[in-house]
Amino acid sequence: MVSRWSSPNPVVFGCGTSARTGEFLKEFECKKVIVIYDKGVEASAKKILASIAAEGIDYVTFDGVQPDAPDVVVNEAAALARRENVDGVVAIGGGSAVDTGKGTCVLLTNDPPINKYFARPSEPPACDVTHLKPIIVIPTTAGTGTEVTPGGAIADTTLNTKENVVCPTSLGIVDPELTLGLPKSSTIATGIDAMCHAIEAFISNEPNCFSDLLAETGISLIAQNLPKVVKDGSDLKARENQMRAATMCAMSILGPYCNIGHDTGAVLCMEFPMVHGISVSCCLPEIMRFVAPSTPEKVSRILRCLGAEVPEGIDGEALGDLAYDTFKAFMKSVDYPNMKQFIPSREALLATVPKIMETQTFHFSPRHVEESDIVTLFNQMWDRNCAEA
């Protein structure tokens, strides 16, 4: 097997590391930075701002982050950064804050708007990435893993689609203490998003020996720790393990990337009021049943990471049923939400299928995906997750 894996940027991991942000900015020789965060992490942001000021570095703040990093918000943040003549970016928060920061970083050295630089599959980056200013990413959730990924996702508000931009991270600061105040709903959504990263990388039709090591370890850590932090958000050891897992799971997709869950979720989160982590995971039991016959050895290993007993010689159909039951039970154990909170009807859900097939390729899926397959997955998810309410 030939494996091609992109080694991520430097990462500083450990409790209290965010208090050294100013020190790290000084290493990048930054004089003035824009600090981007959402209002929900203001307390953490203030501590980080204090560390920046302590090193004599000037800063301007932007706290207008919105879910899914809309292009108009990115353009607004970048306009502020350009007016203030900053020479670096610090992004604090979940995926939306970090993606807003990455989009802003792109526009510091590339003319706006950000829509000019949406990356397309198999095409070189539209923006010049050779002269980007430093960007430090400080996650406050254990899920997106954008502290180790070379890009971000931006919402195109005109086309109502989720698009990608290329922006390598200069440094990731992963401080588990920043997740202690994370609400339960965000803990669930981001934790299962991280698991989806690892699962999709692990079952990819372009397997990768480096990714497999990271993914399998990440899945095990989340299986052991996500139920703990959902039950007790103050469990710092479990929070630390979740943060470690989230970073590893994101690193696992730097070879094979994601597939069915993220392909469908990219559309669902734009059509319904669903956060990213829920949109990519809502069909997880159904997806595992669907792919089990095509990659039985990998699915068996995933199930063992979740504590399931997998009989020797089990056939693909039975393995799929076991995978479905195992993931259904796991999602119940972490109080996974009911989709009726977000999706008004089965008809509304199925109405998204044509757009999914039009905009997504399912390139990395271990099994060929037809439109009828997505219809089946969605119907099964609706029956499981909505009809039981």
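Would you say Gly255 is closer than 25 Å to Leu171 by Cα and part of a loop (DSSP other than H, G, I, E, B)? It would help to see each step written out before you state the result.
Details: closer than 25 Å to Leu171 by Cα: yes; part of a loop (DSSP other than H, G, I, E, B): yes.
Yes: the conditions hold for Gly255.
Does Gly218 satisfy being part of a helix (DSSP H, G or I) and out of contact with any Phe, Trp or Tyr (no Cβ under 6 Å at 6 or more places or on another chain)? Break it down into steps so the answer makes sense when it comes.
On the way: part of a helix (DSSP H, G or I): yes; out of contact with any Phe, Trp or Tyr (no Cβ under 6 Å at 6 or more places or on another chain): yes.
Yes, satisfied.
Residue by residue, here is whether (1) crowded, with 20+ Cβ neighbours inside 10 Å; (2) under 19 Å from the mean Cα position of the chain (by Cα) holds:
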site: Pro112; (1), (2): no, no
site: Tyr117; (1), (2): yes, no
site: Lys133; (1), (2): no, no
site: Ile138; (1), (2): yes, yes
site: Thr141; (1), (2): yes, yes
site: Thr146; (1), (2): yes, yes
site: Asp156; (1), (2): no, yes
site: Leu182; (1), (2): yes, yes
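Looking at Asp235, Asp175 in this structure, which one is farther than 25 Å from Thr352 by Cα, modelled with pLDDT of 95 or more and not assigned by TED's automatic domain parsing to the domain that holds Pro293?
Working: Asp235 fails: not assigned by TED's automatic domain parsing to the domain that holds Pro293.
When all the criteria are applied, what remains is Asp175.
Output yes when any residue across region 10-17 is surrounded by 13 or more Cβ atoms within 10 Å (Cβ to Cβ) and assigned to a helix (DSSP H, G or I), and no when none is.
There is at least one residue in region 10-17 that is surrounded by 13 or more Cβ atoms within 10 Å (Cβ to Cβ) and assigned to a helix (DSSP H, G or I).
Could you check, for region 95-115, whether at least one of its residues is β-branched (Val, Ile, Thr), in contact with a strand residue (DSSP E or B) (Cβ under 8 Å, 6 or more places away or on another chain) and in a loop (DSSP other than H, G, I, E, B)?
Let us first name the residues in region 95-115 that are β-branched (Val, Ile, Thr), namely 98, 100, 104, 106, 109, 114.
Next cut, in contact with a strand residue (DSSP E or B) (Cβ under 8 Å, 6 or more places away or on another chain) only: 98, 100, 104, 106, 114.
In the following step, the residues that additionally are in a loop (DSSP other than H, G, I, E, B) were identified as none.
No: zero hits.
Somewhere in region 210-226, is a residue modelled with pLDDT under 95 and of a type in the set (A, V, I, L, M, F, W, C)?
yes
Which one of these is buried (at least 17 other Cβ atoms within 10 Å of the Cβ), touching a Ser or Thr at 6+ places or on another chain (Cβ under 6 Å) and more than 17 Å from Thr141 (Cβ to Cβ): Val35, Val41? Give the derivation first.
Values: Val41 fails: more than 17 Å from Thr141 (Cβ to Cβ).
Going through Val35, Val41 in turn, the sole match is Val35.
The values are calculated or read from the model by the stated rules, or taken from the named source; none is laboratory data. It should be emphasised that the depicted structure is a prediction, and the values quoted were computed from it without experimental measurement. Quick reminder, even Gly has a Cβ in these numbers, built from the backbone with ideal geometry, and neighbours come from all protein chains shown.
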